[in-house]
1. Looking at the range 75-90, which of its residues are touching a Gly at 6+ places or on another chain (Cβ under 9 Å) and surrounded by fewer than 12 Cβ atoms within 10 Å (Cβ to Cβ)?
2. With the requirement that a residue be surrounded by fewer than 17 Cβ atoms within 10 Å (Cβ to Cβ) and modelled with pLDDT of 90 or more, what does the range 1-13 give you?
3. Does residue 110 satisfy being under 14 Å from the mean Cα position of the chain (by Cα) and of a type outside the set (Gly, Ala, Ser)?
4. If the Cβ limit is 8 Å and pairs must be 6+ apart or interchain, which residue in the range 119-145 that is under 30 Å from residue 25 (Cβ atoms) and in contact (Cβ under 8 Å) with a residue 40 or more places away in the chain pairs with which residue that is part of a helix (DSSP H, G or I) and open to solvent by 90 Å² or more (accessible area, probe 1.4 Å)?
5. Considering only the range 1-56, state which residues are under 28 Å from residue 129 (Cβ atoms), basic (Lys, Arg) and part of a loop (DSSP other than H, G, I, E, B).
6. From the residues in the range 18-70 that are out of contact with any Ser or Thr (no Cβ under 6 Å at 6 or more places or on another chain) and among the aromatic types (Phe, Trp, Tyr), which one is modelled with the lowest pLDDT?
7. Of all residues in the range 26-54, which are in contact (Cβ under 8 Å) with a residue 60 or more places away in the chain and among the aromatic types (Phe, Trp, Tyr)?
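The values are calculated or read from the model by the stated rules, or taken from the named source; none is laboratory data. What you see is a predicted model; the values in this text were computed from it and never measured. Cβ atoms come from the backbone with ideal geometry, glycine included; neighbour counts cover every protein chain shown. Just the protein is used for accessible areas: all its heavy atoms, side chains included, with ligands, DNA and RNA removed. Shrake-Rupley method; radii C 1.70, N 1.55, O 1.52, S 1.80 Å.
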Amino acid sequence: MDFFTSMDISASALAAERTRMNLISSNLANVNSTRTAEGGPYRRKDAVFTATPVKEGNSFGAALSRANEAKSVQVTQINEDQRPPRLQYEPGHPDADGNGYVAYPNVNVVEEMADMITASRSYEANITATNAAKSMALKTLDLLR
């Protein structure tokens, strides 16, 4: 695996975590959205990450990388949470049912905040890995001078 491959792997993780952070932001923004275009309350969304083989050429270095089984990450699916909506008694609300209950999104703010912290820390770790690979490449170039 060369320096660029490690940077590509970290870049794939950065893109995946950015998608995850966007979904978390959407979930938090819609915590009280009782109407959607599909009908009913907003449904929490979550990204599914999949480890994928690193795409390399046919060089000797590529063959060695395949032996190490380096994996990048991709968002392969965005799932809607299937938990039922939260029902709250509000008989005066325009979206209340016949019994006076309003269906609110199945978004738990505490869960979303914990997911946001995890995504943020993962993003930071991949930035650190990218910077380490960059530093190693620069030190190698310094040796050649």
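1. From the range 75-90, those touching a Gly at 6+ places or on another chain (Cβ under 9 Å) are 85, 89-90; that's our starting set.
If the condition is that a residue be touching a Gly at 6+ places or on another chain (Cβ under 9 Å) and surrounded by fewer than 12 Cβ atoms within 10 Å (Cβ to Cβ), then 89 is the only one that fits.
2. Matches in the range 1-13: 11 only.
3. Details: under 14 Å from the mean Cα position of the chain (by Cα): no; of a type outside the set (Gly, Ala, Ser): yes.
It is false that residue 110 is under 14 Å from the mean Cα position of the chain (by Cα) and of a type outside the set (Gly, Ala, Ser).
4. From residues that are under 30 Å from residue 25 (Cβ atoms) and in contact (Cβ under 8 Å) with a residue 40 or more places away in the chain, the pairs are 123/18.
5. From the range 1-56, those under 28 Å from residue 129 (Cβ atoms) are 1-28, 45-56; that's our starting set.
Restricting the remaining residues to those that are basic (Lys, Arg) gives 18, 20, 45, 55.
Hit for the range 1-56 is 55, nothing else.
6. Among them, the one singled out is 60.
7. Residue satisfying the conditions is 42 alone.
Yes/no per residue for (1) assigned to a strand (DSSP E or B); (2) in contact with a strand residue (DSSP E or B) (Cβ under 7 Å, 6 or more places away or on another chain); (3) open to solvent by 60 Å² or more (accessible area, probe 1.4 Å):
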| residue | (1), (2), (3) |
| --- | --- |
| 102 | yes, yes, no |
| 115 | no, no, no |
| 118 | no, no, yes |
| 126 | no, no, no |
| 145 | no, no, yes |
